[in-house]
1. Specify which of the listed residues (ASP36, ASP81) is without any contact (Cβ under 8 Å) to a residue 12 or more places away in the chain, of a type outside the set (A, V, I, L, M) and closer than 15 Å to ALA156 by Cβ.
2. Restricting to region 113-125, count the residues that are in a helix (DSSP H, G or I), touching a residue at least 24 places away in the same chain (Cβ under 8 Å) and touching an Asp or Glu at 6+ places or on another chain (Cβ under 9 Å).
3. Does ASP108 satisfy the condition of being of a type in the set (Asp, Glu) and part of a helix (DSSP H, G or I)?
4. Going by the structure shown, is ASP223 more than 21 Å from the chain's Cα centre (by Cα), over 22 Å from GLU149 (Cα atoms) and in a loop (DSSP other than H, G, I, E, B)?
5. With the checklist (1) crowded, with 20+ Cβ neighbours inside 10 Å; (2) under 26 Å from LYS78 (Cβ atoms) in hand, flag the one item ALA167 doesn't pass.
6. Going through ALA184, ALA204, ALA209 one at a time, which residue ends up being within 30 Å of TRP39 (Cα to Cα), of a type in the set (Gly, Ala, Ser) and at pLDDT 95 or above?
7. Would you call GLY145 modelled with pLDDT of 95 or more and touching a Gly at 6+ places or on another chain (Cβ under 6 Å)?
8. With respect to ARG216, determine if the residue is surrounded by fewer than 17 Cβ atoms within 10 Å (Cβ to Cβ), more than 30 Å from VAL152 (Cβ to Cβ) and without any contact (Cβ under 8 Å) to a residue 40 or more places away in the chain.
Amino acid sequence: MRFYTSVMLVLALAGVFCAQGRAAETSITATGIPLDSAWKVTVYQLARSTFKHPAWGWQHSERNYQVALRLAQGDALKIDDDVLFAAAFLHDMGAFQPCADAKMEHGDCAALSSEAILRSAGFPMQKYAAVAAAERGHMYYRDPGTLPEAIVLHDADSLDFLGAIGAARLLSLTGAAKPDFAPAVKSLRSFLKDIPPKLVTRTARAMAAVRVAELRRFLDALDREALNGTAM
């Protein structure tokens, strides 16, 4: 079964980056995540060169990873860094190279398709089942299950729909071809009520309270400045 329409291109890139990665195993990412193995360098360079979008590009993965670490620490969850890194940087890959099955949920698609990329990069494949579980369960509307890496990725990804960053992400989807940003505002309003009850960790729920208030203030101000939403 072919999961990606252009998977061979991605695998070719992964092969190139793997060779580059062995020469730079001690580097770090933009936010200071240690690239302490060759496969991490490969995956990160693939993300930086391929996953470019203000809503779900490599920056979103960086935030998810960093926030997930905070959640794990806050809730005293022991996580496997290899699993979290791989899942964080590949969970939205379906947004860039769509699954051959257009009806497949993008987390499921990532869980199936990232295996070949990680194997090519030299990832310790005995950990792959945990990566796939985290990828499948990362969206707020999905049950992340019981693995700690899946739980913290799910909650971190959910938090990225709230607060100022959530507003920026959704508004970035409007684009020049869209008539207005009313649909994005509608989605953001729905996140205020739909996401907090789905959070698993105590730390994420506390962070969500702050982000919900921040997002609500922004949306209320936007509504006022858009003449009670009539000129949005």
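1. Numbers: ASP36 fails: closer than 15 Å to ALA156 by Cβ.
The unique qualifying residue is ASP81.
2. 1
3. On the way: of a type in the set (Asp, Glu): yes; part of a helix (DSSP H, G or I): yes.
Taking the combined requirement at face value, the residue satisfies it.
4. In short, no.
5. Exception for ALA167: condition (2).
6. None of the other options fit; the residue is ALA204.
7. Numbers: modelled with pLDDT of 95 or more: yes; touching a Gly at 6+ places or on another chain (Cβ under 6 Å): yes.
Yes: the conditions hold for GLY145.
8. No.
The values are calculated or read from the model by the stated rules, or taken from the named source; none is laboratory data. In this text the structure is predicted, and so the values were computed from the model without any measurement. Here the Cβ is made from the backbone with ideal geometry for all residues, glycine too, and neighbour counts use every protein chain on show.
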